[in-house]
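Here's the structure we're looking at; comments come further down.
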Amino acid sequence: MKTQRRLKLGGLLGVVVLGLIGLLVMTGASRPTQSTTTIRIGILRVPNDVTAARQRGDLQRAARQRGYRIKYYTFDSGVDANKALLANSVDLATMGDTNAVVAMAAKIPVNLVWVNDVVGSNEQLVVRRQLGIQRPQDLVGKTIATPFASTSHYSLMMYLKAHHLLGKVHLMDMQTTEIVAAWRRGDIDGAYTWEPSLSDLTHAQTLTDSQALANAGYLTANVTLATTQFQRQHPQALRMVLDVLGQMHDLKQTHPGEINRTTGKFLDLTAQQAQTQIGTSRWVRADDMPRFMTNQFTRQFNTACQFMGQ
């Protein structure tokens, strides 16, 4: 059974490449129908490019000018987003790239069309400071929690593998809120998780973060999936959404404070809190996105496929 699944996941590299090539050659030839088309977007409550575009009104304005309207659906996880994509309840959805692997392995009719951000310091492996852990080998016998099948889980496993610690650490599958509660009770020694739960782990010591792992060749990212039906029927609408998201990426390069302020306002955070949650995550510039997606990211995505298939 594992062998069959590994073969299925291993073949996803070609699927991703074809999906990206199809996206990059889309033209604006299609026109919206006479009746207003609703673009249904599944989002996570995080300070990302979609949040910025929504708060600033850029996405809504661009949609109105082209005869579309936007409707948002908020999900707690990529798992819920995948359920909505499968049910055709949304046209696009953001999630961690490991959940995108799951979506494609489950043959949900979607394509990966955008990288919202490359994960950085906003996901970290932390341990209790009082444990006195100084090096990776000190983790032997310790209990570490992370949400399984998430980007944090993948990063944790790559870290353990790199330091020959697979099978030597007790792993627990917990959602982010459960991790915070377990930490407060003293049930776990460490966790690999993301903001905002990361900041709730008091007296924590950071061993590594996802930027360091990306630099070591284990990149993770948050991505957007689009249903093949939406991409086929409304290529102009999809192009419009991605153009606006690209504008947010360029804005982050030139005016990062504006991104912090607008995303923070939408999430009831201060600009400083939003900046902390964004951390060192990298928003690839719009002009660089096609090359990044078809080269560096596709290779990394294939590595994640192989991991998920084990």
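The values are calculated or read from the model by the stated rules, or taken from the named source; none is laboratory data. This is a predicted model, so every value here is computed, not measured. Ideal geometry is used to build each Cβ from the backbone, glycine not excepted, and the neighbour counts take in all protein chains shown. For the accessible areas, the whole protein counts, side chains as well, though only heavy atoms, and no ligand, DNA or RNA atoms are used. Shrake-Rupley method; radii C 1.70, N 1.55, O 1.52, S 1.80 Å.
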The chain accessible area per residue, 1.4 Å probe, protein heavy atoms, integer Å², reads 45 Å²
Point-charge dipole on Cβ atoms (K/R +1, D/E -1) for the chain, about Cα centre, debye to 20: 660 debye
Given the options 215, 125, 235, identify the residue whose Cα lies farthest towards the positive end of the charge dipole of the chain (+1 on Cβ of Lys, Arg; -1 on Cβ of Asp, Glu). 235
How much of the DSSP beta bridge set in the chain is antiparallel, as a percent to the nearest 5? 60 percent
For the chain, build the charge dipole from Cβ charges (+1 Lys, Arg; -1 Asp, Glu) around the Cα centre, then report which of 246, 90, 306 sits farthest towards its positive end. 90
Lysine pairs in the chain with Cα atoms under 21 Å, if 8 or more residues apart or on separate chains: 10
Calculated from DSSP H runs of 4 or more alone, at -39500 (n - 2.57) each and per residue, what is the 222 nm mean residue ellipticity of the chain, nearest 500? -13500 deg cm²/dmol
Could you derive backbone 3J(HN,Hα) for the stretch 249-260 from the dihedral phi with the Karplus parameters 6.51, -1.76 and 1.60 (θ = phi - 60°), listing whole Hz in sequence and x where the residue is Gly or Pro? 5, 5, 5, 5, 5, 8, 9, x, x, 5, 5, 4
Treating only the Cβ atoms of Lys and Arg (+1) and Asp and Glu (-1) as charged, compute the dipole magnitude of the stretch 42-169 about its Cα centre; round to the nearest 20 debye. 200 debye
Burial-style ranking of 199-206, 95-102, average other-beta-carbon count within 10 Å with highest first, yields 95-102, 199-206
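Using a 1.4 Å probe over the heavy atoms of the protein chains, calculate the carbon and sulfur portion of the accessible area of the stretch 180-310 as a whole percent. Could the numbers behind the result be given before it?
Numbers: 2490 of 5710 Å².
Carbon with sulfur: 44 percent of the solvent-accessible area.
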